[in-house]
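A.B. asks: Sharing a structure here in C-alpha cells format.
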Amino acid sequence: MTVPSTAAQTASSLAWARRRGSVARFWRAYRTHRAGLFGLGALAVIALVALAAPLLVGSDVQSVTNAPGAALESPSGAFPLGTDQFGRSLLGLLIWGARISLTVGLMAAALSVAIGTLVGILAGHFGGWFSTVTMRITDWFLVMPTLVLAIVLATVMSRSVWTVILAIGVTSWPTTARLVRAQTLAVESRPYIERATALGGGHGHIMSRHVLPNVMPLVLAQTTLGISNAILTEATLAFLGLGDPDVVSWGGMLQDAREAGAVSSGHWWYLAPPGIAIAVVALAFTLCGRAVESVLNPKLGVSAR
Amino acid sequence: MDTTTVPRTARPSPRALTLLAVGVTALALTAAAATPLNPAPRQARADGQRTLTVAVSQSVDSLSPFLAQRLVSTTVHRLIYENLTNYDAKDNHAIPGLATKWEPSPDKLTWTYTIRENSRWSDGKQATAEDAAWTFNTMMTDEGAATANGSFVANFKKVTAPSPTKLVIELKKPQATMAALDVPILPRHEWEKVGDYAKFNNDKKFPVVGNGPFILTDYKVDQYVKFKPNRKFWRGAPKFDELVLKYYKDGDAAVAALQKGEVSFASNLTPAQAASLAKAKNIKVNDAPGRRFYALATNPGARSKDGKKFGDGHPALLNPKVRQALFAATDRKTIIDKVFQGHAVEGQGYIPPRFSAYHWKPDADQRIAYDPARAAALLDEAGYKKNKAGKRVGKDGRPLDFRILCHATDPNDKAIGKYMQEWWGDLGIGLKVECLDNVSDPWLAGEYDLAFDGWSVNPDPDFVLSIHTCAALPSTPKDTGATDNFICDKKFDELYAKQTAEYDAAKRADLVKQMQSRLYDTGYMNVMAYPNAVEAYRTDQIRAITTMPESGGNLWGQDGYWSWWSAVPAEVDDTSGGNGSSTGLVIGIVTTVVLAAGLVVFVAMRRRSTAEDRE
C-alpha cells in the first residue's frame, strides 16, 4: 500500500499474488471443515440442477393445459414423485422451483447484506449523531419481527418475485449492519487509517479502499448465512399465499398442496419433497456459512488457527 | 431434559446421551398419549351436552338481516328468525313459516297473511303481525334497511297489521314472490331502538332475541357463532343441545378436525379430500347437486344510479364481442374434468338445473361453445389484432391485459385462473390473477376487469335476478347497492318487471328463461359451472340429518333450517367422559416435550460446534 505509484505494474502483480495466496489459504482452511464441504457439495449439485432445468424438464412443466398426468397420482415410473392436482409432474416442478427459490434466496440475501454493509460502514465511519440515528433505526428494524414486516410489505405491494426479494431484503439487514459497524470501528482504530488520513485520504477513500476490504470476509460469511434465512422466508411467504402466483417455487408448491387438500387426504408425496428440498438447501447454506465464518471471522478464526 | 433416566453404563458422549434421553421420553409420552389422542367422538361431554359443531370458512358480513348477503350470514338468519313462509325440504314448495295461511285478493294486489299464535320471541313476548309489518315498513322507508332484501319490498304500497294475527300487504303491481319472501321477520320491540340500520350489525347484545329453531348466544368474528336450541319452537325443538359454527380458514384444518371428531360437519371439500374421506370410517360424504352457479363476471363499467361512472374496468370489455371471445376461449369441460374433477355440472344458463322449472339452456346456435378459433376471429372483428409480439392491442394502443379478482379462500378460483392464463395467453390476451382475502373492496369500487362470481340460488329466482337490474345499482358511487356486478340492461329490466308481475307459474318460468337468455347474450355473467355441494359429516355424531331436496340434496346453506334442526345425535356410548379437556392437555404436553427436545438437540449441536471451534 505504500508502494510508489511509479511501480504500478509491480504493485498490481503483487496484489494479485497476494490475493491468490489468500484464496489458497482460505481454501486450505475451509477444506478442514468437513460439514462445510458437504454443504458445498450439496449446493453445487442443486445449483447445477437448477441451471440445467430448462434442459432437464423444460418450461413446459409449468403448463396446466398440457399436463401429462391425472390429478394427484402417486409416485410411479412416469412420475417419480407423483403429480399435483393439475396432473403436472411434481419432480419437474421441484426442479423448476429450485430456480426461483435459489434466485430469491441469493438476491434477497445480497440485497439485505448490501444495505447492512452500507449502513454499517457509514455509521461506523462517521460516528457521532449520524451513527446514533442510524443505529436507532437499525434497532427498530431489529426488534420488529422480520416475518410480520415482510408479510406487510408483500401484502401492500403487488404480487411478484421482486416484491418478495425486496420484502426479505429490507427486513433482514439490521444484524449485518451491527456486525459491520463493529468491525468498521475496530478497523478504523488501527494506526494505518490515521496515516492514510494524514496522506490526504478522504472519507470515500478510507471507506472503500481500507474499511470495505477489511469487513469483506465478515460480509461474505454473513451473506452465506443470510441466504438460508432468505430461502426459508421466501418459502414462508409463498406458503402464506403472498408469493407470485404465476411462478413455481417450493413454498408455492407447499401452498398448492395445502389447497388441494393433500395434507388431510394423505398425499404425502406432494408435501414431503418441497419441504425436504427447502430444508436441504437451507442446511447446505448454513453449513457453508458456518465454515466460511470460522475461517474468516477474526474473532472465531484467531483461536481456531 | 432429565438425562438421569438413562443408565450411564457405557459412558456415551453427552450429545448422544441427550438425544437418546429426549427420544425415549418423547416416545414414551406419545405412546402413553396414544389412546386419548385418538378418542372416540368427543361429542358427549361430562355434563351430557351434545354439541353439533359445523366447520365454516366464510366470514360473516353482518348479523343484521337488513344488511347480510353472504351465505353464512343468511344461514344464521334462517336459524334464528322466521320468514313468513318456508320451503318444503322435499320439493321446495312454499309451506307455513311465521304465517300459517296466505291469500291474495281477487285483483291479486292485496295479500292477507295469517300469523301463527304459537310463535314466541326468545324473551317471552308473542311474535305478531305487528312485528312483520314493522319489518317490511322499515325496509320500505329506510334505505339502509333495504340493502340486502330491498328487492322484495320495492313493489309494496302499504303494509298493515289490523290484528296481531293478520298481516295485510298492498301492492302497486302484482308480485309473484309473495309466497317466497325471503325476509326474516324481526322483533319490533328490540329493533325499534336501533338508530342507523345501515351501520347496526346486531352483534353487540347476546343472546339475540329471535323466534327461529335456534337462539344465537355468542359470536366472535372469524372464530365462532354459537346457538342454543329454542326449546319452545313451534315446529319442535332441535335435538342437539348446542350448535356451533366454528371457523376454519383452512380447508385442510377443517378436514383434519372432522377426521379427529372435533367437528361434526365440513363442507367445500376438495376432490382429493372427498375421495379420502369416502374411505374413512364413520364419515359420510355427501356429494349433491349444488344450488350455486359459478361464473366469470365482466365489469360492464361500474356506475351508480345518479349516472356517475367509477372504477377502472378495462374499456375493451364494453365491447360484447370481446366478452364473447373471452368466454369462447374458456374450456368449461376441462374446468369440470380437471378442476372440479367431476364434482360439478357444466354451466349453461344462470339458474342451476336443480331448479328445473327455471333452468334454461342456450340452443345450438346461441350457445358460445369452446372454440379458440372463433374467439380469435371475434377479437379480430372487434379490432383487437395481434401485434408483432403476439399481444392483442386495441386501436387506442392499449393491450388486452386483464385483471381477474379471485377469492384467496377458494382454491378453484386460482386453479381456473391458471388455465385461463394459458388459454387466453395463446390468443394474445394477458391475464393477471389477483387473489385477495377480501375481494369486496375492489369489487364494490368497480376496480376490476373480470371476477370469479357465484351466488346460491333460492327456489324462487326473483332475488338472484334482481341483483342484475338497474334498480340494484348503488345510489351514488359511495353507497353500496344490492347489485352484483353493476349490470344495467334495459331489456333485462323489462323482463324482470314482467316476471315479477306474472302469477301464472308456467308463464313466469318462461319469462325467467328469457331473462337468462338475455343475460347470456350480453356476456356480462358467463356461467362456467354449477359446483356440487361436496360435504361430509360424522355418522358417529350425527345419526340422521335431512338433506334438501330430501333425495340427493345438500346440507350446508339450505333454503331453510332443515339440516341442523333435524339433525339427530348418534347414540352416546362414550362412558370415559371428560376426554375433551385431557386430550387438549396431552397434546399440550406432547408439543412442549417435542419443542423442548428440539431445543435441547439444537443447543447440544451448538455447543458441540463451538467447542470444536475453540479446540
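Each value in this text was obtained by applying a stated rule to the coordinates, not by laboratory testing. Not measured: the values here are computed from a predicted model. Note: ideal-geometry Cβ built from the backbone for every residue, glycine included; neighbour counts use all protein chains shown.
A.B. asks: Estimate the FRET efficiency between A:Met144 and B:Asp312 by the formula 1/(1 + (r/R0)^6), using the beta-carbon distance for r and 30 Å for R0, to the nearest 0.05.
C.D. replies: So the FRET efficiency works out to roughly 0.35.
A.B. asks: Between the range B:506-555 and the range A:40-106, what is the separation of their alpha carbon centroids in Å?
C.D. replies: Each part's Cα centre sits 39 Å from the other's.
A.B. asks: If you don't mind, there's one more thing I want to ask. Rounded to the nearest 5, what % of DSSP beta bridges with both residues in the protein assembly as shown are antiparallel?
C.D. replies: Numbers: 61 of 78 bridges.
Roughly 80 percent of the beta bridges in the protein assembly as shown run antiparallel, per DSSP.
A.B. asks: Where in the range B:486-552 are there GluC sites (Glu not before Pro) that are in a DSSP coil and have at most 12 other Cβ atoms within 10 angstrom of their Cβ?
C.D. replies: Passing both the DSSP loop test and the Cβ count: B:Glu550.
A.B. asks: Please list the non-local residues whose amide H lies under 5 Å from the amide H of B:Lys385, H modeled 1.01 Å from N, same-chain partners needing a gap of 5 or more.
C.D. replies: Placed amide hydrogens put B:Val393 under 5 Å from B:Lys385.
A.B. asks: Follow-up. Assign one of three labels to chain A, namely rounded, prolate or oblate, based on the Cα gyration tensor with a ≥ b ≥ c the square roots of its eigenvalues; rounded applies when a/c is under 1.5, prolate when it is not and a/b is larger than b/c, and oblate otherwise. Kindly include the intermediate steps, with their values, before the conclusion.
C.D. replies: Values: a/c = 2.75, a/b = 1.88, b/c = 1.46.
Verdict is prolate for chain A.
A.B. asks: Please report, to one decimal in angstroms, the Kirkwood hydrodynamic radius of chain B built from all distinct Cα-Cα pairs.
C.D. replies: 27.2
A.B. asks: Counting residues in the range A:69-179 as N, plug N into 2.2 N^0.38 Å and put the Cα Rg over that result. Mind showing how you got there, number by number?
C.D. replies: Details: Rg = 20.1 Å, N = 111, 2.2 N^0.38 = 13.2 Å.
Ratio of Rg to 2.2 N^0.38 Å for the range A:69-179: 1.53.
A.B. asks: Let me ask something additional. Kirkwood Rh, the range B:53-153, all Cα pairs: how many Å?
C.D. replies: In the range B:53-153 this quantity evaluates to 15.4 Å.
A.B. asks: Give the Rg (one decimal place) followed by the Dmax (whole number) of the range B:224-317, computed from C-alpha coordinates and expressed in Å.
C.D. replies: Here Rg and the maximum Cα pair distance are 21.2, 59 Å.
A.B. asks: Still on this structure: Under the Karplus relation 6.51 cos²θ - 1.76 cosθ + 1.60, θ = phi - 60°, what is the ordered set of whole-Hz ³J(HN,Hα) values for the range A:254-269, x standing for Gly and Pro?
C.D. replies: For the range A:254-269, the Karplus-derived couplings read 5, 5, 4, 4, 5, 5, 6, x, 5, 5, 6, 8, x, 8, 5, 5 Hz, x marking Gly and Pro.
A.B. asks: For B:Ala127, enumerate residues with amide H under 5 Å from its amide H, sequence gap 5+ or separate chain, H modeled in the peptide plane.
C.D. replies: HN-HN under 5 Å from B:Ala127: B:Ser119, B:Arg120, B:Trp121.
A.B. asks: Mind listing the phi-derived Karplus ³J(HN,Hα) values for the range A:104-118, rounded to whole Hz, using 6.51, -1.76 and 1.60 with θ = phi - 60°, and x for any glycine or proline?
C.D. replies: So the Karplus estimates, Gly and Pro as x, are 4, x, 5, 5, 5, 5, 4, 4, 5, 5, 4, 4, x, 5, 4 Hz.
A.B. asks: Further question: Helix-only mean residue ellipticity at 222 nm, chain A, DSSP H runs n ≥ 4 weighted -39,500 (n - 2.57), per residue, nearest 500. What is it?
C.D. replies: Dividing the helical sum by the residues of chain A leaves -23500 deg cm²/dmol.
A.B. asks: Another question about this same structure. So which trypsin sites (Lys or Arg not before Pro) in the range B:340-389 end up in coil per DSSP with only 12 or fewer other C-beta atoms within 10 Å?
C.D. replies: B:Arg367, B:Lys388
A.B. asks: Please work out the Cα center distance from the range A:211-261 to the range B:328-348, rounded to the nearest Å.
C.D. replies: Here the two parts' Cα centres lie 36 Å apart.
A.B. asks: Here is a further query. Give me A:Met144, B:Met420 ranked fewest to most by other Cβ atoms within 10 Å of their Cβ, as a rough exposure proxy.
C.D. replies: Listed from fewest to most nearby Cβ atoms, that is A:Met144, B:Met420.
A.B. asks: Continuing with the same structure: Let me know the shape class of the range B:115-236, please: from the alpha-carbon gyration tensor, a ≥ b ≥ c as square roots of the eigenvalues, rounded when a/c is under 1.5, otherwise prolate if a/b is greater than b/c, or oblate. Don't jump to the answer; show the numbers that get you there.
C.D. replies: Details: a/c = 1.93, a/b = 1.34, b/c = 1.45.
Because a/c hits 1.5 or more and a/b fails to exceed b/c, the range B:115-236 counts as oblate.
A.B. asks: Based on the alpha-carbon gyration tensor of the protein assembly as shown, what equivalent-ellipsoid semi-axes (square roots of 5 times the eigenvalues) come out, in whole Å, largest first? Intermediate values should be presented prior to the final figure.
C.D. replies: Values: eigenvalues 728, 251, 144 Å².
So the equivalent ellipsoid measures 60, 35, 27 Å along its semi-axes.
A.B. asks: If the reach is capped at under 22 angstrom between alpha carbons, list the lysines near B:Lys90, excluding any in the same chain fewer than eight residues apart.
C.D. replies: B:Lys101, B:Lys239, B:Lys284
A.B. asks: Loop only per DSSP, at most 12 neighbouring Cβ atoms within 10 Å: give me the GluC sites (Glu not before Pro) in the range B:166-206, ordered by residue number.
C.D. replies: Filter output for the range B:166-206: B:Glu192.
A.B. asks: In terms of the Cα gyration tensor, with a ≥ b ≥ c the square roots of its eigenvalues, is the range A:1-156 rounded because a/c is under 1.5, prolate because a/b exceeds b/c, or oblate?
C.D. replies: oblate
A.B. asks: If you don't mind, there's one more thing I want to ask. Taking the protein assembly as shown as a whole, which cysteines find no other cysteine Cβ under 4.7 angstrom from their Cβ?
C.D. replies: Among the cysteines of the protein assembly as shown, those whose Cβ sits 4.7 Å or more from every other are A:Cys288.
A.B. asks: Check B:Val527: other-chain or 5+ apart residues with amide H under 5 Å from its amide H, H built from backbone geometry?
C.D. replies: Residues meeting the criterion, in which the H sits 1.01 Å from N, are B:Leu296.
A.B. asks: Express in % the proportion of alpha carbon pairs of the range B:358-460 at distances exceeding 20 Å.
C.D. replies: 54
A.B. asks: What is the local net charge at A:Met253, summed over the other residues whose Cβ is closer than 11 Å to its Cβ (Lys, Arg +1; Asp, Glu -1)?
C.D. replies: That works out to -1.
A.B. asks: Modelled label-to-label distance, B:Thr165 and B:Lys498, 7 Å Cα→beta-carbon offset: nm?
C.D. replies: Computed distance between label sites B:Thr165 and B:Lys498 equals 4.2 nm.
A.B. asks: Using only the alpha-carbon atoms of the range B:255-394 as identical scatterers, what base-10 log of I(q)/I(0) does the Debye formula give at q = 0.18, 0.19, 0.22 Å⁻¹?
C.D. replies: Debye curve over Cα of the range B:255-394, log10 I(q)/I(0) at q = 0.18, 0.19, 0.22 Å⁻¹: -1.11, -1.16, -1.32.
A.B. asks: Could I ask something else about it? Run the helix sum for chain B: -39,500 (n - 2.57) per DSSP H stretch of 4+ residues, divided by residue count, reported at 222 nm to the nearest 500 deg cm²/dmol.
C.D. replies: Dividing the helical sum by the residues of chain B leaves -9500 deg cm²/dmol.
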